[in-house]
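Notes follow the structure.
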Amino acid sequence: MESLKKFVAELIGTAVLVTLGCGTAVAVGCDSASGSGYLLTALAFGLTIVAMAYSIGNISGCHINPAVSIAMLVSKKMSLKDFILYVIAQCLGGLAGCAVLYVVFGANCGFGANAIQSGWANGSTVAAFIVELVLTFIFVLAICGVTSKAENSSVAGIVIGLTLTLVHILGIKLTGTSVNPARSLAPAILAGGDALNQLWIFILAPLVGGVLAALVYMFLDSKKEK
């Protein structure tokens, strides 16, 4: 029963993230002529994390992101069984969120899918991979740090939400900002085109970034030998 509750919590949390985050991107537009759209979308993702952290965080930890879950796996804070359970729930949640967007905005809305954006000098596959890796590393490192002490529990959701907002402010112009494979999977499948062709970037780079963040934090937080 406990596993089922975690599964449902992660599914709901990811569905809400895609509905509100990607939905805001669709509603306000995220092109160079709509600078305010960047900020609104960044805030939508960040505030959703805050809301979910204080609603389902006590059930599942509110990962709602395979990059976060893999960091917890590497840090030995969750089992392989739970990791697989979480990732399945997160991917299904992303699909559920896209279903809501389909009903609200129609089949051709783009679903806020990630893709390498035009208009930046080094907008290559390699550059996009590095952007996603670095932004995920920053995001997950913040999560590892703020959740490492029980006394931070009252502010952890706010810190994590603000960090997600921060990485979106830079990343939207470059890749649309994924830092979350589950957030990218269903939108790319439904949007097709470049989003689907480039999907591997938005799955692999965040996972690598999450693993690196966990390893670096474990090193930084390790106790000195006597």
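Only the coordinates and a few stated rules stand behind these numbers; no lab work does. In this text, all values refer to a predicted model and were calculated from it rather than measured experimentally. Cβ placement follows ideal geometry from the backbone for every residue including glycine, while neighbour counts extend to all protein chains displayed.
Put the Cα centre of region 150-181 next to the Cα centre of region 53-99 and the gap is 16 Å. The distance between label points at residue 28 and residue 124 comes to 3.3 nm (points 7 Å beyond Cα on the Cα→Cβ vector). Among the listed values (i) 18.4, 58; (ii) 16.6, 62; (iii) 16.0, 49, the one matching Rg and Dmax of the Cα atoms in Å as calculated from this structure is (ii). Ordering 60-67, 188-195, 207-214 by mean Cβ neighbour count within 10 Å, with the highest value first, yields 60-67, 207-214, 188-195. Residues of region 1-28 falling in the label zone of residue 88, defined by backbone nitrogen less than 16 Å from a point 7 Å along Cα to beta-carbon, are 1-12. If R0 is taken as 41 Å, the Cβ-Cβ distance between residue 4 and residue 215 corresponds to a FRET efficiency of 0.85.
Shown for the chain: lysine pairs separated by 8 or more places, or found on different chains, whose C-alpha atoms are under 22 Å apart, numbering 15. Taking amide H as placed 1.01 Å from N in the peptide plane, residue 174 has no amide H partner under 5 Å among residues 5 or more places away or on another chain. Highest mean first, the peptides 127-137, 71-81, 156-166 sorted by other C-beta atoms within 10 Å per residue fall in the order 127-137, 156-166, 71-81.
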